[in-house]
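The values are calculated or read from the model by the stated rules, or taken from the named source; none is laboratory data. On a predicted model such as this, the values are computed, not experimentally measured, just so you know. Reconstructed Cβ throughout: ideal geometry from the backbone, glycine too, with neighbour counts over all protein chains shown.
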Amino acid sequence: MEFLNKTLHAYFAQEGIEHQTSTTQRPEQNGVVERWNRTLLEAARTMLSAAKVPLFFWAKAIATTCFPQNRSLVIARHEKTPYHIINGWKPFVKFFHTFCSLCYIIKDDENLDKMKEKSDACIFVGYSTQSRAYRVYNKRTRLTIETIHVNLDELPKMASDHVSSDFIP
């Protein structure tokens, strides 16, 4: 039932697609989707382990895995990426970054004192689906925000040292 809704039914009818569902609790009937889910989970697990971050980042890791894969893996029969097939143009991929890299955002919405920090240390956790903004986890406020005002520091040693410090979801 995961893939049923009115929008999809309308699209299927428009494109002449016959939609068939599989039986619940029978993953072997839906091998392509199950394999894709497994690929995403394995990649996310690897990213979480490499970054030494808590499991509460699992959803961000899966979304971050899916984002570049849709823009880089070529579907052989079309010789295009999924993004290119859906949108009609090649994706821009020069803004990809390492998951859980240390980054800094400018604190522009607060009253800043001359001697206070002008930026917050954050962790890069993904990409916005609505714009070219980045999703970052602010270590001070413990919130995930989307912003384009990010300075990324992708040096692996520094990122792992900063990321593994105390996280509280």
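Quick check on segment 130-139: of everything there that is in a loop (DSSP other than H, G, I, E, B) and not small (Gly, Ala, Ser), which residue is surrounded by the fewest Cβ atoms within 10 Å (Cβ to Cβ)?
130
Return yes or no: is residue 49 in a helix (DSSP H, G or I) and polar (S, T, N, Q)?
Yes, satisfied.
Suppose the filter is modelled with pLDDT of 80 or more, farther than 25 Å from residue 42 by Cβ and touching a strand residue (DSSP E or B) at 6+ places or on another chain (Cβ under 6 Å); does residue 97 pass it?
No, not satisfied.
Would you mind stating whether residue 10 is farther than 21 Å from residue 155 by Cα, part of a helix (DSSP H, G or I), in contact with a Ser or Thr (Cβ under 9 Å, 6 or more places away or on another chain) and at pLDDT 85 or above?
Against the criterion (farther than 21 Å from residue 155 by Cα, part of a helix (DSSP H, G or I), in contact with a Ser or Thr (Cβ under 9 Å, 6 or more places away or on another chain) and at pLDDT 85 or above), residue 10 does not qualify.
So how many residues does segment 23-40 have that are closer than 14 Å to residue 66 by Cβ and either part of a loop (DSSP other than H, G, I, E, B) or in contact with a helix residue (DSSP H, G or I) (Cβ under 7 Å, 6 or more places away or on another chain) (or both)?
1
Taking segment 113-129 as the search range and keeping residues that are buried (at least 17 other Cβ atoms within 10 Å of the Cβ) and out of contact with any helix residue (DSSP H, G or I) (no Cβ under 7 Å at 6 or more places or on another chain), which one is modelled with the lowest pLDDT?
Here the residue is 120.
Tally time: how many residues in segment 132-153 are under 17 Å from the mean Cα position of the chain (by Cα), at pLDDT below 90 and either closer than 13 Å to residue 121 by Cβ or among the acidic types (Asp, Glu) (or both)?
The number of residues fulfilling the criteria is 1.
Please indicate, with yes or no, whether at least one residue in segment 71-89 is surrounded by 14 or more Cβ atoms within 10 Å (Cβ to Cβ), modelled with pLDDT of 85 or more and assigned to a loop (DSSP other than H, G, I, E, B).
Looking for residues that are surrounded by 14 or more Cβ atoms within 10 Å (Cβ to Cβ), modelled with pLDDT of 85 or more and assigned to a loop (DSSP other than H, G, I, E, B), one finds at least one in segment 71-89, hence yes.
Can you tell me which of (1) in a loop (DSSP other than H, G, I, E, B); (2) in contact (Cβ under 8 Å) with a residue 24 or more places away in the chain is the one residue 18 doesn't meet?
It fails just one condition, (2).
Given the criterion exposed (fewer than 14 other Cβ atoms within 10 Å of the Cβ) and of a type in the set (Val, Ile, Thr), identify the matching residue among 46, 39.
46
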